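The values are calculated or read from the model by the stated rules, or taken from the named source; none is laboratory data. It should be emphasised that the depicted structure is a prediction, and the values quoted were computed from it without experimental measurement. Note that we place each Cβ from the backbone using ideal geometry, even for glycine, and neighbour counts take in every protein chain shown. Calculation scope for accessible area: heavy atoms of the full protein, side chains included, ligands and nucleic acids excluded. Shrake-Rupley method; radii C 1.70, N 1.55, O 1.52, S 1.80 Å.
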Amino acid sequence: MRNKFTLSFLLVLASMFFIANENHAQTKKEKKATLKELKGKAVKDARKAAKGLRKQGYSEIPGDLPMDMQIENSYLARLSTDDMGNPKFFVTTQESKAESFAAAKQAAMQLCLTDIASQIGSEIVGRIKSNVANSEGMSDAASVTEVIGAYQNNVSARLGRTTPIVMLKKVDGLTYITMSIKYPIAEAERIVKEDLRKELASKADMNQDEINGLLDIR
(Lines give C-alpha, C1' and ligand atoms only; values in the text may rest on other atoms or scores of the structure.)
Protein backbone atom coordinates (compact mmCIF):
# COMPACT_ATOMS: atom_id res chain seq x y z
CA MET A 1 0.00 0.00 0.00
CA ARG A 2 1.30 3.44 -0.82
CA ASN A 3 2.21 5.47 2.23
CA LYS A 4 1.15 9.04 2.78
CA PHE A 5 4.17 10.62 1.08
CA THR A 6 3.81 8.65 -2.15
CA LEU A 7 0.05 9.26 -2.16
CA SER A 8 0.58 13.00 -1.61
CA PHE A 9 3.07 13.04 -4.49
CA LEU A 10 0.53 11.44 -6.84
CA LEU A 11 -2.31 13.70 -5.68
CA VAL A 12 -0.25 16.84 -6.26
CA LEU A 13 0.58 15.67 -9.79
CA ALA A 14 -3.08 14.99 -10.51
CA SER A 15 -4.19 18.38 -9.20
CA MET A 16 -1.60 20.16 -11.35
CA PHE A 17 -2.93 18.34 -14.42
CA PHE A 18 -6.47 19.61 -13.82
CA ILE A 19 -5.23 23.14 -13.07
CA ALA A 20 -3.30 23.16 -16.34
CA ASN A 21 -6.44 22.14 -18.23
CA GLU A 22 -8.49 24.89 -16.57
CA ASN A 23 -5.97 27.48 -17.79
CA HIS A 24 -7.08 26.77 -21.36
CA ALA A 25 -9.98 29.21 -20.91
CA GLN A 26 -7.73 32.11 -19.88
CA THR A 27 -6.32 34.84 -22.12
CA LYS A 28 -2.76 34.48 -23.42
CA LYS A 29 -1.45 37.09 -20.98
CA GLU A 30 -3.28 35.52 -18.06
CA LYS A 31 -2.03 32.07 -19.04
CA LYS A 32 1.58 33.28 -19.11
CA ALA A 33 1.30 34.83 -15.65
CA THR A 34 -0.51 31.80 -14.24
CA LEU A 35 1.97 29.38 -15.78
CA LYS A 36 4.89 31.29 -14.27
CA GLU A 37 3.20 31.13 -10.88
CA LEU A 38 2.46 27.42 -11.25
CA LYS A 39 6.04 26.65 -12.30
CA GLY A 40 7.33 28.42 -9.22
CA LYS A 41 4.92 26.41 -7.08
CA ALA A 42 5.96 23.23 -8.90
CA VAL A 43 9.58 23.70 -7.88
CA LYS A 44 8.58 24.17 -4.24
CA ASP A 45 6.20 21.21 -4.32
CA ALA A 46 8.88 19.04 -5.99
CA ARG A 47 11.36 19.78 -3.22
CA LYS A 48 8.73 19.05 -0.59
CA ALA A 49 7.79 15.78 -2.28
CA ALA A 50 11.45 14.77 -2.60
CA LYS A 51 12.00 15.42 1.08
CA GLY A 52 9.04 13.23 1.97
CA LEU A 53 10.16 10.43 -0.34
CA ARG A 54 13.66 10.48 1.16
CA LYS A 55 12.17 10.10 4.62
CA GLN A 56 10.19 7.21 3.26
CA GLY A 57 13.44 5.54 2.17
CA TYR A 58 13.48 6.28 -1.55
CA SER A 59 16.71 7.23 -3.34
CA GLU A 60 17.92 7.95 -6.86
CA ILE A 61 19.30 5.25 -9.13
CA PRO A 62 23.10 5.78 -9.40
CA GLY A 63 23.85 7.95 -12.43
CA ASP A 64 20.35 9.46 -12.63
CA LEU A 65 19.42 13.07 -11.91
CA PRO A 66 18.98 14.16 -8.26
CA MET A 67 15.55 13.33 -6.86
CA ASP A 68 14.48 16.99 -6.63
CA MET A 69 15.21 17.53 -10.34
CA GLN A 70 13.45 14.33 -11.40
CA ILE A 71 10.26 15.21 -9.55
CA GLU A 72 10.44 18.81 -10.74
CA ASN A 73 10.67 17.55 -14.36
CA SER A 74 7.57 15.44 -13.79
CA TYR A 75 5.63 18.37 -12.35
CA LEU A 76 6.69 20.71 -15.15
CA ALA A 77 5.80 18.15 -17.83
CA ARG A 78 2.21 18.31 -16.59
CA LEU A 79 2.24 22.08 -16.97
CA SER A 80 3.84 22.15 -20.45
CA THR A 81 1.57 23.45 -23.22
CA ASP A 82 1.82 23.71 -26.99
CA ASP A 83 1.45 26.88 -29.06
CA MET A 84 -2.34 26.63 -28.75
CA GLY A 85 -2.20 26.42 -24.96
CA ASN A 86 -3.17 22.74 -24.87
CA PRO A 87 -1.38 20.20 -22.64
CA LYS A 88 1.78 18.96 -24.35
CA PHE A 89 2.29 15.62 -22.63
CA PHE A 90 0.42 12.70 -21.20
CA VAL A 91 2.08 12.07 -17.81
CA THR A 92 1.67 9.27 -15.31
CA THR A 93 3.28 8.25 -12.03
CA GLN A 94 3.05 4.69 -10.74
CA GLU A 95 4.53 2.60 -7.92
CA SER A 96 5.40 -1.11 -7.93
CA LYS A 97 7.15 -3.65 -5.73
CA ALA A 98 8.85 -6.98 -6.45
CA GLU A 99 11.55 -9.35 -5.25
CA SER A 100 14.22 -7.74 -7.43
CA PHE A 101 15.03 -4.33 -8.88
CA ALA A 102 14.62 -5.57 -12.47
CA ALA A 103 11.19 -7.06 -11.77
CA ALA A 104 9.98 -3.96 -9.89
CA LYS A 105 11.23 -1.67 -12.66
CA GLN A 106 9.51 -3.75 -15.34
CA ALA A 107 6.26 -3.79 -13.37
CA ALA A 108 6.36 -0.02 -12.83
CA MET A 109 7.01 0.60 -16.53
CA GLN A 110 4.11 -1.64 -17.51
CA LEU A 111 1.80 0.21 -15.12
CA CYS A 112 2.94 3.53 -16.60
CA LEU A 113 2.44 2.37 -20.20
CA THR A 114 -1.00 0.99 -19.36
CA ASP A 115 -2.06 4.30 -17.83
CA ILE A 116 -0.64 6.34 -20.73
CA ALA A 117 -2.51 4.05 -23.15
CA SER A 118 -5.67 4.61 -21.13
CA GLN A 119 -5.20 8.38 -21.38
CA ILE A 120 -4.63 8.13 -25.14
CA GLY A 121 -7.69 5.91 -25.47
CA SER A 122 -9.84 8.34 -23.53
CA GLU A 123 -8.55 11.59 -25.02
CA ILE A 124 -7.64 10.81 -28.64
CA VAL A 125 -9.48 7.61 -29.59
CA GLY A 126 -12.40 8.84 -27.49
CA ARG A 127 -12.74 11.97 -29.63
CA ILE A 128 -12.66 9.86 -32.79
CA LYS A 129 -15.42 7.66 -31.35
CA SER A 130 -17.43 10.82 -30.69
CA ASN A 131 -17.03 11.72 -34.37
CA VAL A 132 -18.40 8.29 -35.27
CA ALA A 133 -21.37 8.72 -32.93
CA ASN A 134 -22.15 12.15 -34.36
CA SER A 135 -21.73 11.20 -38.03
CA GLU A 136 -24.92 10.85 -40.06
CA GLY A 137 -25.15 8.51 -43.00
CA MET A 138 -21.64 7.15 -42.51
CA SER A 139 -20.96 4.09 -44.66
CA ASP A 140 -20.03 0.82 -42.95
CA ALA A 141 -20.49 2.17 -39.40
CA ALA A 142 -20.35 -1.35 -37.96
CA SER A 143 -16.85 -2.02 -39.31
CA VAL A 144 -15.65 1.42 -38.20
CA THR A 145 -16.86 0.82 -34.64
CA GLU A 146 -15.21 -2.61 -34.59
CA VAL A 147 -11.86 -1.31 -35.90
CA ILE A 148 -11.73 1.58 -33.43
CA GLY A 149 -12.79 -0.60 -30.48
CA ALA A 150 -10.11 -3.20 -31.24
CA TYR A 151 -7.46 -0.52 -31.66
CA GLN A 152 -8.32 1.17 -28.37
CA ASN A 153 -7.61 -2.09 -26.55
CA ASN A 154 -4.14 -2.35 -28.07
CA VAL A 155 -2.79 1.20 -27.92
CA SER A 156 0.05 0.34 -25.50
CA ALA A 157 1.69 -1.90 -28.12
CA ARG A 158 2.29 1.18 -30.33
CA LEU A 159 3.95 3.49 -27.82
CA GLY A 160 7.50 2.29 -28.46
CA ARG A 161 10.49 3.07 -26.28
CA THR A 162 9.77 5.48 -23.44
CA THR A 163 12.34 6.79 -20.95
CA PRO A 164 11.25 7.47 -17.35
CA ILE A 165 11.54 11.07 -16.12
CA VAL A 166 11.32 9.83 -12.53
CA MET A 167 12.71 6.54 -11.27
CA LEU A 168 13.30 6.10 -7.56
CA LYS A 169 13.88 2.96 -5.55
CA LYS A 170 13.48 1.79 -1.98
CA VAL A 171 14.57 -1.53 -0.51
CA ASP A 172 12.56 -2.71 2.48
CA GLY A 173 12.40 -6.47 2.27
CA LEU A 174 11.05 -6.02 -1.27
CA THR A 175 12.28 -3.52 -3.84
CA TYR A 176 9.89 -0.61 -4.46
CA ILE A 177 10.01 1.55 -7.57
CA THR A 178 8.25 4.89 -8.08
CA MET A 179 8.28 5.83 -11.74
CA SER A 180 6.93 8.65 -13.89
CA ILE A 181 6.92 8.84 -17.67
CA LYS A 182 5.69 11.41 -20.18
CA TYR A 183 4.51 10.93 -23.74
CA PRO A 184 4.00 13.72 -26.31
CA ILE A 185 0.32 14.16 -27.10
CA ALA A 186 1.13 15.27 -30.66
CA GLU A 187 3.11 12.08 -31.29
CA ALA A 188 0.34 9.93 -29.80
CA GLU A 189 -2.20 11.64 -32.05
CA ARG A 190 0.02 11.11 -35.11
CA ILE A 191 0.38 7.39 -34.36
CA VAL A 192 -3.34 6.88 -33.71
CA LYS A 193 -4.37 8.66 -36.91
CA GLU A 194 -1.76 6.84 -39.00
CA ASP A 195 -2.78 3.44 -37.64
CA LEU A 196 -6.52 4.01 -37.92
CA ARG A 197 -6.21 5.45 -41.41
CA LYS A 198 -4.55 2.21 -42.56
CA GLU A 199 -6.96 -0.01 -40.63
CA LEU A 200 -10.08 1.75 -41.88
CA ALA A 201 -8.82 1.81 -45.46
CA SER A 202 -8.35 -1.97 -45.44
CA LYS A 203 -11.24 -3.13 -43.25
CA ALA A 204 -14.07 -0.63 -43.72
CA ASP A 205 -16.01 0.31 -46.81
CA MET A 206 -15.13 4.02 -46.67
CA ASN A 207 -13.54 6.46 -49.09
CA GLN A 208 -10.51 8.55 -48.10
CA ASP A 209 -12.54 11.73 -47.55
CA GLU A 210 -14.78 9.93 -45.06
CA ILE A 211 -11.75 8.55 -43.22
CA ASN A 212 -10.04 11.94 -43.09
CA GLY A 213 -13.21 13.56 -41.75
CA LEU A 214 -13.55 10.90 -39.09
CA LEU A 215 -9.97 11.45 -37.92
CA ASP A 216 -10.26 15.26 -37.88
CA ILE A 217 -10.27 15.83 -34.11
CA ARG A 218 -8.63 19.26 -33.96
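Miscellaneous remarks
- In the range 82-98, the residues that are of a type in the set (G, A, S) and part of a loop (DSSP other than H, G, I, E, B): G85
- Residue selection: R54 satisfies the criterion of being at pLDDT 80 or above, out of contact with any Lys or Arg (no Cβ under 8 Å at 6 or more places or on another chain), in a helix (DSSP H, G or I) and farther than 28 Å from L159 by Cα.
- Unique match (being over 18 Å from the mean Cα position of the chain (by Cα) and at negative phi) among T163, T175: T175
- Options P164, P184; residue that is touching a Cys at 6+ places or on another chain (Cβ under 9 Å), under 25 Å from D82 (Cβ atoms) and open to solvent by 30 Å² or more (accessible area, probe 1.4 Å): P164
- Residue list for the range 167-181, restricted to those being aliphatic (A, V, I, L, M) and open to solvent by less than 70 Å² (accessible area, probe 1.4 Å): M167, L168, L174, I177, M179, I181
- Count of the range 79-124 residues which are more than 28 Å from L196 (Cα to Cα), surrounded by 17 or more Cβ atoms within 10 Å (Cβ to Cβ) and of a type in the set (A, V, I, L, M, F, W, C): 4
- For the range 64-75, the count of residues that are open to solvent by 60 Å² or more (accessible area, probe 1.4 Å), on the phi < 0 side of the Ramachandran plot and either modelled with pLDDT under 85 or among the basic types (K, R) (or both) is zero.
- The residues of the range 195-207 that are open to solvent by 20 Å² or more (accessible area, probe 1.4 Å) and over 18 Å from G126 (Cβ atoms), listed by number, are K198, A201, S202, K203, D205, M206, N207.
- The range 125-159, subset more than 25 Å from the chain's Cα centre (by Cα) and either part of a loop (DSSP other than H, G, I, E, B) or of a type in the set (S, T, N, Q) (or both), residue surrounded by the fewest Cβ atoms within 10 Å (Cβ to Cβ): E136
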